[in-house]
Amino acid sequence: MSDDRTALVIGDVMGSGSGAAATMGQLRTAIRTLAALDLDPAAVLWHLDRIAGELDQRFATCTYAVYDPRRACCHVTMAGHLPPVLMPAGGAPRPLDLPTGAPLGVGSVPFETTRLRIGPGDGLLLYTDGLVETRSHSLDAQLATLPRLLARPPDPLEETCYHLLDALRSPDEPDDVALLLTRADRS
């Protein structure tokens, strides 16, 4: 994005199969186009909600965030998605208490943007529900475990993702998982 900003996006279409994959592809293309317009994250999800309402598999969850390293902040909007986890440098990781919003495709529901301070060394984890929804553990238990798993000393980001997958998932779980883990530069 302009001015060294970065859009961070994660989403999950409700359903599975080729129809869900096609819907995700269409939403991905739309959000890339909308992100280029430098709109507020709530406006991006409002437009994406209208687009989703016209698709065959129309319901999806999404978190859309814009990180601005110059201002050390991140603007986040959610559409029915699980909360991101903030990993402050030198502090305890915690799920963010943000307005959840309705899933994309519901229509005519306002979205709210929240501004977060993201300083040097702080991390942010976005993930799909497949990471924490399992047959063998309650969602609440998995969500409580997630920050504890992130509390260990920082590994390379890729290793941290593998650690989360190994600790929270079993190979026979049917749902797919997507993780987006980022850390603000310390320079």
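The values are calculated or read from the model by the stated rules, or taken from the named source; none is laboratory data. Everything numeric here is computed off the predicted structure, so don't read it as measured data. Neighbour counts run over all protein chains shown; Cβ positions are idealised from the backbone, glycine included. Protein only, heavy atoms only, side chains kept; ligands, DNA and RNA dropped before computing areas. Shrake-Rupley method; radii C 1.70, N 1.55, O 1.52, S 1.80 Å.
A full extension of the chain between H47 and R152 corresponds to an added length of 33.9 nm, given 0.36 nm per residue minus the alpha carbon distance.
The order of the peptides 131-138, 14-21, 169-176 by mean Cβ neighbours within 10 Å, most packed first, is 131-138, 14-21, 169-176. Pairwise alpha-carbon distances in segment 79-140 exceed 18 Å for 49% of all pairs. Split the accessible area of the chain by element, probe 1.4 Å, and carbon with sulfur accounts for 52%.
For the chain, the dipole from Cβ point charges (+1 on Lys and Arg, -1 on Asp and Glu) about the Cα centre works out to 460 debye, to the nearest 20. The mean sequence distance of close C-alpha pairs (under 8 Å, at least 6 residues apart), as a share of the length of the chain, puts its relative contact order at 22 percent.
For segment 65-113, count all C-alpha to C-alpha pairs, find those more than 15 Å apart, and express that count as a whole percent of the total. Across segment 65-113, Cα pairs with separations above 15 Å total 55 percent.
Quick one: Debye curve from the C-alpha atoms of the chain, no solvent, what's log10 I(q)/I(0) at q = 0.11, 0.14, 0.20 Å⁻¹? Debye curve over Cα of the chain, log10 I(q)/I(0) at q = 0.11, 0.14, 0.20 Å⁻¹: -0.48, -0.79, -1.47.
Centre-to-centre separation between the Cα atoms of segment 55-95 and those of segment 116-172: 14 Å.
Rolling a 1.4 Å probe over the protein heavy atoms gives the chain an accessible area of 52 Å² per residue.
Each Lys and Arg contributes +1 and each Asp and Glu -1, all at the Cβ; summed about the Cα centre of segment 1-74, the dipole is approximately 80 debye. Shape index of segment 102-178: Rg/Rh, with Rg the Cα radius of gyration and Rh the Kirkwood radius from the inverse mean 1/r over Cα pairs, equals 1.02.
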